[in-house]
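Student: Shown below is the structure under consideration.
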Amino acid sequence: MKNLLNLFFPKVCEACNTVLADNEMVLCTSCRHQLPITNFHFENTEDVKKIVYGRVRLESATALLHFSKKGIVQQILHNLKYRGHEDIGKSLGQWLGAELATVETYKDIDVVIPVPLYKSKLRKRGYNQVAKFGQEIAKALKADYNDTVLIKTKSTKTQVFKGRLTRWNDDGAVFDISENKSLTGKHILLVDDIITTGATVESCATVLLKIDNIKLSLATMAIAD
Ligand SMILES: [Zn+2]
C-alpha cells in the first residue's frame, strides 16, 4: 500500500522538492549534508544554556540545528508547523535521540516533556509540532514521555505581521503544571522547536521547578543565531 501511494504521490525532499529515494526520509541526501548541525551536545558547548543564564538553571541544553532566516532549517520547520508534515519532527527526534543516547549527561533523563500548545491551538492545528520529536527522543533515551503535567493556560497570538522571523520568536506564554507528585525527583528533558530569546523556556522552567527536587535539561530542534 505504501509503495502504491508513493507511485502516485511520491515523497519529495522537504527542502528542494526532488523525489526521495526509498532509503531517504524527509530530506534528500544532498540537503541532509547541507544542514547546519550544531554538535553542541558532543562538544559540550554552552550556547543554548547561555541564552537563559541567570534566569533558569539547566543541567544540560542543546539544539540539533542552527536556524537562520530564509535558510533550509526555516523551510523544514515551516513545513512541520504549518503544513502538517509531522514526519519531519519524527525524523529530527530519531536523529537527536540517537545522538543524546551516547552523551553521558543525557543518559539519566527520566521523562521528556514537550512545550505544550494552548488547547484551542492544538485543536486547530491537530498536532503539537514537537510531540513526535519528543516521543522519539524519549524512546531513544528509554525515558517516559509526558504531555499532561505541563499545560498552557493562556493563548498567545502569533505575530505574523512584523516580518518573517517574528513568528519564530518565543512568545512569552503562560504555563502551569496540572500536578506536582509524579515527577518529584526526576530529571526532566524539556523539548521545543526553536529557542530564540529563551522566554518560553523560562516560563516553562519556572513552573516545572515548583516540583520538588527535579533536574531540568533542554533539547530543541534549532537555535536562532
Ligand atoms: Zn533536497
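Student: Counting only residues that are among the charged types (D, E, K, R) and within 16 Å of the ligand (Cβ to nearest atom), which one in region 12-63 is farthest from Lys215 (Cα to Cα)?
Tutor: Per the criteria, the residue is Asp22.
Student: Need at least 2 residues that are under 15 Å from the mean Cα position of the chain (by Cα) and in the same structural domain as Thr45 (by TED's automatic domain parsing) per element, so show me which helices (runs of 4 or more DSSP H) inside region 66-127 make the cut, counting only ones lying wholly within it.
Tutor: Counting at least 2 such residues, we get 72-82, 87-100.
Student: Additional query: I'd like to verify a number: residues in region 40-65 that are in a helix (DSSP H, G or I) and among the hydroxyl-bearing types (Ser, Thr, Tyr), how many?
Tutor: 0
Student: Out of Lys152, Lys90, which single residue is surrounded by 14 or more Cβ atoms within 10 Å (Cβ to Cβ) and at pLDDT 95 or above?
Tutor: Lys90
Student: Lys69 versus (1) open to solvent by 60 Å² or more (accessible area, probe 1.4 Å); (2) farther than 23 Å from Gly198 by Cβ: which is the lone unmet condition?
Tutor: (2)
Student: So which residues in region 175-195 are assigned to a loop (DSSP other than H, G, I, E, B) and free of Cβ contacts under 8 Å to residues at least 40 places away in the same chain, if there are any at all?
Tutor: Ser178, Glu179, Asn180, Lys181, Ser182, Thr184, Gly185
Student: Within region 29-41, track down each residue that is within 18 Å of the chain's Cα centre (by Cα) and exposed (fewer than 13 other Cβ atoms within 10 Å of the Cβ).
Tutor: Asn39
The values are calculated or read from the model by the stated rules, or taken from the named source; none is laboratory data. Just so it is clear, the structure is predicted and the values come from calculations on it, not from any experiment. Note: ideal-geometry Cβ built from the backbone for every residue, glycine included; neighbour counts use all protein chains shown. Areas reflect the complete protein model, heavy atoms only, side chains present, ligands, DNA and RNA absent. Shrake-Rupley method; radii C 1.70, N 1.55, O 1.52, S 1.80 Å.
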